[in-house]
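Trainee: Below is the structure I would like to discuss, written out as structure tokens.
The values are calculated or read from the model by the stated rules, or taken from the named source; none is laboratory data. Keep in mind it's a predicted model, so treat the numbers as computed, not measured. A quick note on method: Cβ atoms are made from the backbone with ideal geometry, for glycine too, and the neighbour counts reach across all protein chains shown.
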Amino acid sequence: MGIFQKLKGEFIDIIEWLDPTNDTIVHRFERYNNEIKMGAKLTVRESQVAVFINEGQIADVFPPGMYTLQTQNMPILSTLKGWSYGFNSPFKAEVYFVNTKKFLDNKWGTPNPIMLRDPEFGPIRIRAFGVYEFRVVDPVVFIRDIVGTDGNFTTEQVTNQLRNIIITRFTDAIGESKIPVLDMAGNLNEFSQKVGQFIIEEYRHYGLEMTKFLVSNISLPPNVEEALDKRSSMGIIGNLNQYTQFQAANAMEAAANNPSGGGAADGMGLGMGFAMANSMMNSMNQANNPYNQQQVTPPPPPIPNAVVFHVVINGQQAGPYDLNTIKQLIAQNQITRQTLVWKQGMANWDVAERVSEIQVLFGAVPPPVPPL
């Protein structure tokens, strides 16, 4: 009996897995002919789950802990094997260790630019990049639907599909948002939350959980960014005339501090001086313009040699008035035939009816209506 117990003790196995990598999601515990001895010790560490598979069918699942394999802790496998009163040693089964830790810093990005209709720029293309985290929450679903019979399943084998889901949902979300491109930088959190809500549901179909999703950058094509930089530069420069004067003044100062430049430098400095003076004169003309700073054309002066008259209305001198104005005043009975008028060249005031230029105007105005 002592020899039998000794041999039986030597048959006890230890089933465990230490992950030497950072990207292995599922690892199959390799045994010769998949034989496991009676009373084998199973060690499942934190962030691990052990899944037993019998003849291609998923059986028992063991959370973190240390187990001595018996019929009591393998109810599904015992039923599949038909062990009513214990099981024979050895028995065959496949053991898969599933890594349930969070897999961090998985990068995603749009392989092709996303076409958008921006309210400010019109049709435009953008690219987006970010990171996401995930972990296995349902080992049975993950092994059954994703891993299959793969003995060493890594993140690389699933991240392509996960990225495709992210890109599809992100493209749809950013198209529906109608947010201008220039305002997207202030809405990265909103994009992350909105896209993450859709992705969480889809990941659960794979037995996974999206623990974090971040949009870290939204960028424009290089030529559009270059044009935008130029536009921003113009906004910072502000008044172009003042900027030109400032640049010219700096150039003149640099030329004056370089006495070794010789005649060429003197000629250049002289040319810059004339340009500076011309620019300053233009600025001064704009400043002295009584109309506005944009050189609005002033009204034209009076027509030369036009005849104008001074008149006496209600005992007060008024005018000078041109003939059109005098005609209007005659129609309003403010100027009569006896009204005193004077123009340049007349020696004295005279009544309007004796001045030939005004006399003809009275004939063009109908007389007062006679009393009835």
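Trainee: Check the stretch 356-371 and report whether any residue there is over 14 Å from residue 308 (Cα atoms), aliphatic (A, V, I, L, M), surrounded by 11 or more Cβ atoms within 10 Å (Cβ to Cβ) and modelled with pLDDT of 85 or more.
Mentor: no
Trainee: Would you check which residues across the stretch 181-219 are of a type outside the set (Gly, Ala, Ser), under 21 Å from residue 122 (Cβ atoms) and surrounded by 14 or more Cβ atoms within 10 Å (Cβ to Cβ) and list them?
Mentor: Of everything in the stretch 181-219, those that are of a type outside the set (Gly, Ala, Ser), under 21 Å from residue 122 (Cβ atoms) and surrounded by 14 or more Cβ atoms within 10 Å (Cβ to Cβ) turn out to be 181, 184, 187, 218.
Trainee: If you check every pair at least six apart or on different chains, which have Cβ atoms under 8 Å apart with a residue in the stretch 153-166 that is over 14 Å from residue 111 (Cα atoms) and surrounded by fewer than 18 Cβ atoms within 10 Å (Cβ to Cβ) first and a residue that is among the aliphatic types (A, V, I, L, M) and modelled with pLDDT of 90 or more second?
Mentor: What qualifies is 154/25; 155/25.
Trainee: In the stretch 141-197, what count of residues is obtained for those that are within 17 Å of the chain's Cα centre (by Cα) and under 23 Å from residue 96 (Cα atoms)?
Mentor: Qualifying residue count for the region: 0.
Trainee: May I ask you to say which residue of 151, 207, 196 is under 30 Å from residue 23 (Cα atoms), small (Gly, Ala, Ser) and at pLDDT 85 or above?
Mentor: 207
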